[in-house]
Structures are given as structure tokens and as C-alpha cells.
1. What distance in nm separates the simple spin-label points at Glu107 and Ile49, each placed 7 Å from Cα in the Cβ direction?
2. Extension gain Trp12-Leu72, at 0.36 nm per residue separation less the Cα-Cα distance, in nm?
3. Please rank Lys106, Lys76, fewest neighbouring Cβ atoms within 10 Å first, as an exposure proxy.
4. State to the nearest 20 debye the size of the charge dipole of the range 41-108 about its Cα centre, where the only charges are +1 on K and R beta carbons and -1 on D and E beta carbons.
5. Can you give the FRET efficiency to the nearest 0.05 for Leu91 and Arg35, using r as the Cβ-Cβ distance and R₀ = 41 Å?
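Please treat every number below as a calculation from the coordinates, not as lab data. Just so it is clear, the structure is predicted and the values come from calculations on it, not from any experiment. Neighbour counts are summed over all protein chains in view; Cβ atoms, including those assigned to glycine, are modelled from backbone coordinates with ideal geometry.
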Amino acid sequence: MIEVFDALPFMWLLAMTLVNVIHIRTKLHESETQRLLKEKELQVKETQIGTMREVVLGMQHHINNPIAIITLTLHKIKRSVSVSPELIEHLSSIESESKRITQVLKEYSQTNDYGVEQIGSTSSAMAVPGKHQ
């Protein structure tokens, strides 16, 4: 009977150790799963930012040339023709909005992060530049 009694504390200690090992392994598995999910999320965000940059660069290429022509034409009109103050105001407005388009495209191309902003009262959203490098 003493032999059985001596083995009982050892078996209890062994069972407790096994439970602790299982508990630690479960925590390790959960933390590894979380790490893999965060890594995958990071890869998706990097892909999205890369895609956004490619789109912006394409837009810059296709928009900057017409904007440059518009700006040059506006300067020629202002210099060559005697125009009314009202027309000069309209031409200046066109020029400032052209510069705004150029600036917005520049901001989009230089950003490292894009956020989402709601548009009006609809459920639509648009990308907006985040932090600048």
C-alpha cells in the first residue's frame, strides 16, 4: 500500500506539469495565430498602398500634361489679350484649381498611408491621403 501512496504524488505532479505544458502550448499557438493574421493584414495593406501609388502615378501622367497646357494657355491669354477684370478673375480661378489638382496628386503620390472618408450623405467612401513622408 505504501508503494501506491508514493506514486500518487508523483502522478499528481506529472499531471499538473502536463496541464501546464498544454496551457503554455495553447497560448503559444494563439499568439502565433495572431502574429500570422497581423502579418497577413500588413501584407494586404502594403499591397493596397502599392496599388494606390501605381494608380496615382498613372493619373499624374495622364492629368499633368493637359494641366500644363491649360496653365500655359491661361498665361498666354492673360498676356496677349486685353481682357475684362471679370474674365481675368475667371482665368485666375481656372489657374488656381489647376494648381490644386496638381497639389492633390502630389500629396497622394507622397503619402505612406491612406484613410477612408465618407462622401456626403450617401454610404460611399473615398480614399484620402494620410501621413506624409
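1. According to this spin-label approximation, the distance is 1.8 nm.
2. Details: separation 60, 0.36 × 60 = 21.60 nm, distance 8.80 nm.
Separation in residues times 0.36 nm, less the Cα-Cα distance, equals 12.8 nm.
3. Exposure proxy ranking, most exposed first: Lys76, Lys106.
4. 280
5. 0.10
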